[in-house]
Every structure is written in C-alpha cells, then in structure tokens.
Ligand code: FES
C-alpha cells in the first residue's frame, strides 16, 4: 500500500493558501500523486484548512476519480452489461480473477492492478469489453487476457 506522505500533503495545501474553492483541486492533486486519499490526509486537510471532515468525505466519495481506498497502478474495468454478458464477459472476468488471484473490487497485493466490474461502457458492439487505464480492448477472449495484462508493469 502506498503510504501518503503528510509532509507532501502540507506542501500541496500551502500551494493553494489564500485561494477560495480549492478543495476539489487539492483532493485531485493528492489522488493523482498517491492514487488514493487516506483518512490521515483528510484529517490533515480538515485541520489545516478548517473544513469539516464530513464535507471532505462527501466530495471524495462523490467523485469517481477519487478513491478512499488504495488502488493499483493500473485500473482494469470489466464490462458486465447485458450485451457483454451475452458475448462472454463472465468468462473474461473469471480469467482475470484467476490470473490475478483477486476478485472484482480488489487490488493485487503488489498494487499492480485494481479490478472493477462495471455496467456498459457505451461500446456494446465491441463486446466483451475491458478497459485498462482508459484504453478499450474489445471483442476479447479469455485467451487474450494474459497478453493484454502482460503489457502493464
Ligand atoms: S454492455 Fe458492455 S459496453 Fe455495453
């Protein structure tokens, strides 16, 4: 797990000192540098910026781009929407879960991958579809999974 360096969080807070409405940007900065936002970081922001923790949690849980749990360096989304289901998505998910030895929603112990199950990625004709770090891989088969994942360090 990537520990969040609270000194670094302080520097980030300092950068926005005196500016209004910077909380979302600050949280995005922390997310982008550490890949998640810890409760210690939230406490620090709350104390330094005099913002109630509840408000920070509300924002951090609202935005899809922010995570309150540590996530892997690469995010795999497996589409389990109806069109992908009929075209074999469950087998793709099984293969990925088997290869990485994690279940949907989990992260590999080496923090390499986080696996997410999603509903319809809006490109049903390409199904079954997985998206890795925003790159779409369509019409995939279980046999293709290993080759795709191998390219992500
Ligand atoms: S159901 Fe998978 S992309 Fe639409």
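A short reminder: the numbers here are calculations on the coordinates, not readings from a lab. Worth saying up front: this structure is predicted, and the values here are computed from it rather than measured. Cβ placement follows ideal geometry from the backbone for every residue including glycine, while neighbour counts extend to all protein chains displayed.
Side notes on the structure shown:
- DSSP bridge analysis restricted to the chain gives an antiparallel fraction near 55%, rounded to the nearest 5.
- Averaging over all projection directions, the Cα-based convex hull of the range 74-150 occupies 4.2 nm² in the image plane.
- The range 123-148-the range 79-105 distance, computed between alpha-carbon centres (Å): 10
- Going from the fewest other Cβ atoms within 10 Å to the most, the residues 62, 34, 113 appear in the order 62, 34, 113.
- Structure-based [θ]222 nm, the chain - -39500 (n - 2.57) summed over DSSP H runs of at least 4, per residue, nearest 500: -13000 deg cm²/dmol
- Taking only Cα atoms of the chain, radius of gyration then Dmax in Å: 18.1, 54
- Cα shape, the range 6-62, gyration tensor, a/c 1.5 rule: rounded
- In nm, spacing of pseudo-spin labels at residue 8 and residue 32 (7 Å Cα→C-beta vector): 1.4
- Cβ-derived FRET efficiency at R0 25 Å, residue 97 paired with residue 119, nearest 0.05: 0.90
- Using a Förster distance of 35 Å, the FRET efficiency for residue 49-residue 141 (Cβ separation, nearest 0.05): 0.10
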